[in-house]
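> Shown below is the structure under consideration.
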């Protein structure tokens, strides 16, 4: 690493060290008249427990092996993808440089897709019990942990979050269900997550569009589970709770949404500008709805991933976020399915493309909790089997369709 890059990383590493040394529980923001008590990290972490749990994996395997739909079709889709290839050659870099909209793209696509491949191969291992898939996942994870040192340029936080969301999913499955990953490999991978990924994401990014910070907290939470780091876990959960009402609006929040905690965005005019000039606020509207549905989908997906990981760790946050999440899914599903857009929503013009992001939340709210979600169900079933967005979402019909666990 060059001296200039090393100097740039020292403040981040010092800040991370101070954070990890702290033991106090961070109390999250609570709007006036509400109660949102902090939840400390579990005394004992559950593994595998990042997005998917062992009971969920067992359910998936039983459904696929029985040839049941939609799981078998989703599995076949996954196995036909390049991400499941046993001949994949990882492409690690010491420095991954990602500018705005991945320009420049020096290792950005390679890193994201290698991380998704490791997760895909881990799923393939568990379902088939064929050790070749586990060994290929290990090869990819070992290759990156031996090389990567930094992320640079303007999109570094988001790039780190996307890859950092996929890596711990793969690592959790392999480490806790397969006996072939060496302690040297596990420890080096953990060091990579702590020293390369966490410093870039753990403090969030309060003034960016909301999908950034939500994805950053998804990655930080997943990494905290793999590292069994209670301080990072508590910090990620608190920031997630702070950010959620600044991304998805409910009329019970007040006349207009609040800005991200700690930002200068607090007047109505500033909020309208931050919400891409949307001045009328309705249940389920997102801070990025009037930007486009694709980025909105990134945020919704990260929210559902965080909630699912928390649930695996014994902290079911779905009752707390249920109304906000169901309204957001319903509103965006309605227009994604072709309903006419009123002039009060983004001037009557939307840029669609929500992506394969509804399965996890739909399963949690509708299938497990019994919440009616007619339009979200219609969109979810229409999109099955949900594939990948090639960034940090992959194979969620397989992992979460009608999964009771």
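Each value in this text was obtained by applying a stated rule to the coordinates, not by laboratory testing. Because the structure is predicted, anything quoted here is derived from the model rather than measured. Note that we place each Cβ from the backbone using ideal geometry, even for glycine, and neighbour counts take in every protein chain shown.
> Which of (i) 26, 56, 13, 4, 1; (ii) 29, 61, 11; (iii) 26, 51, 20, 3 is the computed P(r) over Cα pairs in 20 Å bins from 0, in percent for the structure on display?
It is the value labelled (ii).
> Rounded if a/c is under 1.5, else prolate if a/b is larger than b/c, else oblate: which is region 31-175, with a ≥ b ≥ c the root eigenvalues of its Cα gyration tensor?
Working: a/c = 1.84, a/b = 1.09, b/c = 1.69.
Taking the square roots of the gyration eigenvalues as a ≥ b ≥ c, region 31-175 is oblate.
> Once label points are set 7 Å from the Cα along Cα→Cβ at both residue 100 and residue 349, what is their separation, rounded to one decimal in nm?
So the label points at residue 100 and residue 349 sit 2.1 nm apart.
> Still on this structure, please answer the following. Only Cα pairs under 8 Å and at least 6 apart count here; give the relative contact order of the chain as a rounded whole percent.
Numbers: 688 pairs, mean separation 77.3, N = 405.
Computed over the chain, the figure is 19 percent.
> Sticking with this structure for a sec: Tell me, what is the percent relative contact order of region 260-319, built from C-alpha pairs under 8 Å that lie six or more residues apart? Don't skip to the answer; put the middle values down first.
Numbers: 28 pairs, mean separation 10.0, N = 60.
Relative contact order here is 17 percent.
> What is the packing order of peptides 152-161, 83-92, taking the mean over residues of other C-beta atoms within 10 Å and listing the highest first?
Numbers: 152-161: 22.4, 83-92: 15.5.
Per-residue Cβ counts within 10 Å, averaged per peptide and sorted highest first, yield 152-161, 83-92.
> Per the helix-only calculation at 222 nm, which mean residue ellipticity applies to the chain, given -39500 (n - 2.57) for every DSSP H run of n ≥ 4 and division by its residues, nearest 500 deg cm²/dmol? Let's see the in-between values first.
On the way: 16 runs with 209 residues, N = 405.
Helix contribution divided over all residues of the chain: -16500 deg cm²/dmol.
> Could you compute the FRET efficiency for residue 207 and residue 382, with r as their C-beta to C-beta distance and R0 at 35 Å, rounded to 0.05?
On the way: r = 36 Å, r/R0 = 1.02.
Rounded to the nearest 0.05, the efficiency is 0.45.
> Another question, if that's okay. Once the piece of chain linking residue 341 and residue 280 is laid out straight, how much longer is it, given 0.36 nm per residue of separation minus the C-alpha distance between them? Provide the component values of the computation, followed by the final result.
Details: separation 61, 0.36 × 61 = 21.96 nm, distance 1.34 nm.
That pair, residue 341 and residue 280, stretches by 20.6 nm at full extension.
> Compute the relative contact order of region 210-323 as a whole-number percentage, counting only Cα pairs closer than 8 Å that sit 6 or more residues apart in sequence.
Numbers: 123 pairs, mean separation 32.7, N = 114.
Dividing the mean separation by the residue count of region 210-323 yields 29 percent.
> Once you sort the root eigenvalues of the Cα gyration tensor of region 178-287 as a ≥ b ≥ c, which label holds: rounded (a/c under 1.5), prolate (a/b larger than b/c) or oblate (the other case)? Provide the component values of the computation, followed by the final result.
Values: a/c = 3.34, a/b = 2.86, b/c = 1.17.
Because a/c hits 1.5 or more and a/b exceeds b/c, region 178-287 counts as prolate.
> Quick one: work out the % antiparallel among DSSP beta bridges in the chain, nearest 5.
Values: 6 of 9 bridges.
Given both bridge residues lie in the chain, the antiparallel proportion sits at roughly 65 percent.
> Compute the distance from the alpha-carbon center of region 71-92 to that of region 307-366, in whole Å.
28
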